[in-house]
Amino acid sequence: MEEKGEEEVESFDFEKGSLVLLERKGSRPHKLAPLYQGPVRVVERRSPVVFRVEELKTGTIEDVHVKRMRPYQNDEEHEPEEVAAKEEEFFQVEKIVDHDTRDGKLVLRIRWKGYQEEDDTWEDVNDHKAGVYLTEYLKKFPKLLEEFP
């Protein structure tokens with residue numbers, strides 16, 4: 001561990017080309033989402049605590065603090081690029097089961113395909129995950145469009 005100010009930073013020596021997982025920024029998109037995303041490829045070390053990484057599916061480059069990085073354990077059944085590409089496919093909307101307002105914003109209760117009622121989550125209406133299901137749901141509640149254009 002390196003000490004930096006009052007906080008301790010775990011010191012990993014990630015080599016160029018190695019694969020790592022990144023702790024998600026902010027909150028997870030929904031409660032079933034994993035805490036880490038990726039894998040991503042280390043491009044270079046920018047400082048003792050900052051690495052430049054490349055997203056495998058988009059090629060996006062980003063500088064990341066080592067505190068957000070964890071070594072990726074290679075999955076022998078799947079290529080890393082395949083794992084990264086499928087990350088967003090793990091949770092599919094089954095249907096919208098309810099709506100409510102929070103802080104003046106419309107939120108939708110989402111039932112996830114393959115999951116139980118207790119796994120439902122409240123998602124912002126502007127979240128693209130609901131897509132076609134939102135259109136169908138709004139047909140049942142046309143006044144919502146007037147209240148929340």
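Quick notes on this structure:
- The C-beta contact set for region 48-60 (first residue surrounded by 15 or more Cβ atoms within 10 Å (Cβ to Cβ), second residue aromatic (Phe, Trp, Tyr) and assigned to a loop (DSSP other than H, G, I, E, B), distance under 8 angstrom, 6+ apart or interchain) comprises PHE51/PHE14.
- Selection status of ARG102, of a type outside the set (Asp, Glu) and modelled with pLDDT under 90: yes
- Which numbered condition GLU15 misses (of (1) acidic (Asp, Glu); (2) surrounded by 10 or more Cβ atoms within 10 Å (Cβ to Cβ); (3) modelled with pLDDT of 90 or more): (2)
- Considered as a group, the residues in region 32-47 that are assigned to a strand (DSSP E or B) and not basic (Lys, Arg) include one that is surrounded by the fewest Cβ atoms within 10 Å (Cβ to Cβ), and that residue is GLU44.
- Residue that is at pLDDT below 85 and closer than 30 Å to GLY17 by Cβ, where the choices are GLU82, GLU55: GLU82
- Among the residues of region 91-118, those identified as assigned to a strand (DSSP E or B) and surrounded by fewer than 11 Cβ atoms within 10 Å (Cβ to Cβ) are ASP100, ARG102.
- Top-ranked residue in region 130-149 [being open to solvent by less than 60 Å² (accessible area, probe 1.4 Å) and either basic (Lys, Arg) or part of a helix (DSSP H, G or I) (or both); ranked as modelled with the lowest pLDDT]: ALA130
The values are calculated or read from the model by the stated rules, or taken from the named source; none is laboratory data. Values in this document were obtained by computation on a predicted structure and should not be read as measured data. All Cβ positions, glycine included, derive from the backbone under ideal geometry; neighbour counts span all protein chains shown. Just the protein is used for accessible areas: all its heavy atoms, side chains included, with ligands, DNA and RNA removed. Shrake-Rupley method; radii C 1.70, N 1.55, O 1.52, S 1.80 Å.
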